[in-house]
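The values are calculated or read from the model by the stated rules, or taken from the named source; none is laboratory data. Owing to the predicted nature of the structure, the values given are computational and were not obtained by experimental measurement. Please note: Cβ atoms are built from the backbone with ideal geometry, for glycine as well, and neighbour counts cover all protein chains shown.
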Amino acid sequence: MNEKERESKRLFLKSILYGSLTALSAAILYPIFKFLKPPQQTEVEVSSIKAANVNDLEKDSGIIVRFGNKPAILIRNANGDFKAFSATCTHLDCTVQYRKDKGIIWCACHNGQYDLNGRNIGGPPPRPLEEFRVVIKGEEIFISKNV
Amino acid sequence: MKNYIQNLYKWIDERVQLQSLVEFMGKKYVPVHRHSIWYYFGGVSLFLFIIQVVTGILLLMYYKGSEDLAFESIHFIMSKVEFGWLIRSIHSWSANLFILAAMIHMFSVFFGKAYRKPREVTWLTGMLMFFMALAFGFSGYLLPWNELAFFATKVGTDIAGDIPIIGKTILEFLRGGEDVTGATLSRFFGFHVAIFPGIFTVLLTIHLLLVQRQGMSEPLFIEDEEKYEKKKMSFFPNFLLRDLLLWLIVLNILAILAVFFPWELGTKADPFAPAPAGIKPEWYFLFMFQTLKYIPANIWFIEGEIFGIVLFGIAGILWTLVPFWDRKSFRGERNRFINYVGIFVVIYIILLTTLGWLT
C-alpha cells in the first residue's frame with residue numbers, strides 16, 4: 001500500500017468515525033430535546049362560560065372568574081353595566097384586579113393601569129386587555145370570546 | 001491516639017503522596033495589603049453555599065414537589081418537624097446572604113481588576129456561578145408554591161419569553177407548557193435540586209483549582225503605590241484560620257437572622273386570584289423590576305419591556321466579558337474607565353433597589 005492509498009484509507013476511516021460520532025450525538029440529543037418540549041395538551045377550547053349571577057356582583061365591583069384555564073375579570077360599573085376582559089396583564093402575564101378607589105383595572109406587579117374599557121392608560125402595559133362579550137340571560141351572566 | 005493518627009496519615013501518604021499536597025499548601029501565600037479584607041468574601045460565599053447544600057438536602061427529606069402538596073409540605077416542615085422552621089429559615093436566609101457575599105466578591109474582583117490576564121477563566125467561571133446563584137434563587141423561590149412566588153415566576157418566565165426569536169421555546173421549556181402550573185413546579189424542582197447543583201459543582205471545582213494554582217491577584221493600584229512593600233501571609237494555616245473565624249461569625253449572623261426573623265410562608269398560590277398589592281421579587285432582582293416599572297410601554301417602535309430586557313442582557317454580557325475588552329488592565333496599565341463603570345453600576349443597583357423597596 002503506497003502513501004497515497006494509506007492517506008485515502010485514513011481519510012475514509014476518519015469520516016466514518018466523525019460521521020458515526022455525529023450520528024451518535026444526534027441520536028442521543030434529539031430524544032432529549034424532544035422530551036424537554038412539553039406535549040401539546042389538547043384541551044377543549046373554551047369559547048363561552050357562565051361567569052356569575054347578576055346578584056353576585058354589587059355595583060362598582062369586579063371578580064376574577066375561570067375562562068378555560070385562564071383568568072378573566074368581570075366588572076360591574078357604577079351604572080350597573082357589565083364588562084368582561086381577559087384578566088392577564090398584557091405587560092408580563094400577571095393577573096389584574098378591579099380598583100374600586102380609582103375606578104380602574106389595575107395590575108399589582110408593575111402598576112399597570114387600564115380603564116373600564118380595557119384600554120391601557122398608565123404604567124407599562126403595551127396593549128389593551130382582550131375584551132369578552134357579556135350576555136345576560138335572566139339572572140345568569142355569560143361571557144364569550146368576541147369573534 | 002497521636003500514634004494512630006500518624007499511622008493513618010502514613011498509610012494514606014504511602015498511597016496518594018499526601019506530603020506533596022501539604023507542601024504545596026505550605027508554599028501558597030496570600031498578599032497582605034490594605035485591601036486584603038476583600039479576599040475573604042470568596043470564602044464566605046463558599047461557606048454559605050455549603051450551608052445551602054446541607055440544609056437543602058435536609059429539606060428534601062420532607063418536601064413534596066407537586067402543586068397540591070408543595071405548600072402543605074413546607075407548612076408541615078415548619079410546624080411539625082422538629083427544628084424544621086430553623087432549617088427552612090436558615091436555607092432562605094443563607095440563600096440571600098450567599099448572593100450578597102457573591103456580589104461583594106464579584107465587585108471587589110471587578111474593582112481590583114483581578115480578572116485581568118492570567119485569571120480570565122476564573123472570572124468567567126465566577127460569573128457563571130453568579131448567574132447560577134440567581135437561577136438557584138429564582139427556581140427555589142417557587143418551590144413553596146405561595147402567592148408571591150407564583151406571580152414572580154409568571155413575570156420572570158414571561159420576561160424570558162420576550163427574548164427575540166427563541167423566547168417562546170424558552171418560555172415553554174421553563175414552564176413545561178404555556179402557563180405556570182404544577183408542571184412548572186416539577187421542572188423548577190428538578191433544576192433546583194439536580195441540574196443546577198451538578199453544573200455549579202463543576203464550575204466551583206474549576207474556580208477553586210484555578211485560585212489554588214494561580215494564587216490571589218494583587219490590585220494594580222496597590223502595585224503602583226509608592227512605598228508599597230510586598231507582604232504576604234501563608235495560606236495554610238494563617239489565612240485559613242482567619243477564614244474559619246469569619247465563617248464562625250457568619251454562622252452566628254445567620255443563626256440570629258433565622259431565629260429572630262423567621263422566613264414566612266405566605267398564602268398558597270391560587271392561579272385564579274389577582275396579583276396581590278405590594279408584590280415584589282427578591283431584593284437581588286428588585287433593581288431590574290423597578291427599571292421595568294419606569295420604562296414606558298413603547299420606545300420608538302419596540303415594546304418597552306423588550307427594550308429593557310435587551311438592555312439588561314447586553315449589559316450582563318459586557319460585564320461578563322470584561323477581561324476581553326479591558327485591554328489596558330490586560331497590559332497591566334491602570335484603567336479608570338472600568339472604575340467609573342463599576343461605580344455607576346453599584347450606584348444604579350443601590351438607588352433602584354432602594355426605590356423598589358420604598359415604593
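Between A:C94, A:C109, the distinction of being modelled with pLDDT under 90 and under 16 Å from B:F151 (Cβ atoms) belongs to A:C109 only. Where residues in segment A:37-72 are charged (D, E, K, R) and outside any loop (DSSP other than H, G, I, E, B), which of them is nearest to the other protein chains (Cβ to nearest Cβ)? The extreme case among them is A:R66. A single entry from A:D81, A:D101, A:D115 fulfils the requirement of being surrounded by fewer than 19 Cβ atoms within 10 Å (Cβ to Cβ) and either more than 30 Å from B:I295 (Cα to Cα) or of a type in the set (V, I, T) (or both): A:D81. Take the conditions out of contact with any helix residue (DSSP H, G or I) (no Cβ under 6 Å at 6 or more places or on another chain) and either closer than 30 Å to A:I63 by Cα or at pLDDT below 85 (or both) and apply them to B:F260. Does it pass? No; evaluated as a whole, the condition is false for this residue. Do the conditions hold for B:T181, that is, is it within 20 Å of the chain's Cα centre (by Cα), facing chain A (nearest Cβ under 10 Å) and modelled with pLDDT of 90 or more? Judged against the criteria, B:T181 is not a match. So which residues in segment B:226-275 are more than 30 Å from A:P71 (Cα to Cα) and of a type in the set (S, T, Y), if there are any at all? Of everything in segment B:226-275, those that are more than 30 Å from A:P71 (Cα to Cα) and of a type in the set (S, T, Y) turn out to be B:Y228, B:S234. I need the full set of residues from segment B:251-261 which are surrounded by 16 or more Cβ atoms within 10 Å (Cβ to Cβ) and either within 25 Å of A:A51 (Cα to Cα) or out of contact with any Leu (no Cβ under 7 Å at 6 or more places or on another chain) (or both), in order please. Result: B:L257, single match.
Taking first residues from segment B:152-166 that are more than 10 Å from every other protein chain (Cβ to nearest Cβ) and partners that are surrounded by fewer than 16 Cβ atoms within 10 Å (Cβ to Cβ) and in a helix (DSSP H, G or I), the Cβ contacts under 9 Å between residues at least 6 apart in sequence or on separate chains come to B:A160/B:I170; B:I163/B:I170; B:I163/B:V310; B:I163/B:G313; B:P164/B:V310.
Taking every residue in segment B:121-135 that is in the same structural domain as B:T201 (by TED's automatic domain parsing) and at negative phi and pairing it with any residue that is buried (at least 17 other Cβ atoms within 10 Å of the Cβ) and of a type in the set (S, T, N, Q), at least 6 positions away or on another chain, the pairs with Cβ-Cβ distances below 6 Å are B:M127/B:T320.
In this structure, is A:A108 surrounded by fewer than 22 Cβ atoms within 10 Å (Cβ to Cβ) and of a type in the set (G, A, S)?
yes
Close Cβ contacts (under 6 Å, 6 or more residues apart or on different chains) running from residues in segment B:269-284 that are closer than 27 Å to B:F130 by Cα to residues that are β-branched (V, I, T) and outside any loop (DSSP other than H, G, I, E, B) comprise B:Y284/B:I99. Selection over segment A:1-36 of residues that are within 30 Å of B:G177 (Cβ to Cβ) and among the hydroxyl-bearing types (S, T, Y) gives a count of 2.
Condition check: more than 10 Å from chain A (Cβ to nearest Cβ) and closer than 22 Å to B:G140 by Cα. Does B:E282 satisfy that?
Answer is yes for this residue.
Counting the residues of segment A:82-129 that are within 13 Å of B:A297 (Cβ to Cβ) and not polar (S, T, N, Q) gives 16.
Among the residues of this structure, B:E147 does not count as one that is within 21 Å of A:K37 (Cα to Cα) and at pLDDT below 95. The criterion of at least 2 residues that are acidic (D, E) and in contact with a Cys (Cβ under 7 Å, 6 or more places away or on another chain) is met by none of the helices (runs of 4 or more DSSP H) falling completely within segment B:261-359. Residues that are within 18 Å of the chain's Cα centre (by Cα) and crowded, with 18+ Cβ neighbours inside 10 Å occur at least once in segment B:154-165. Of all the residues in segment B:9-56, those that are among the polar types (S, T, N, Q) and surrounded by 15 or more Cβ atoms within 10 Å (Cβ to Cβ) number 4.
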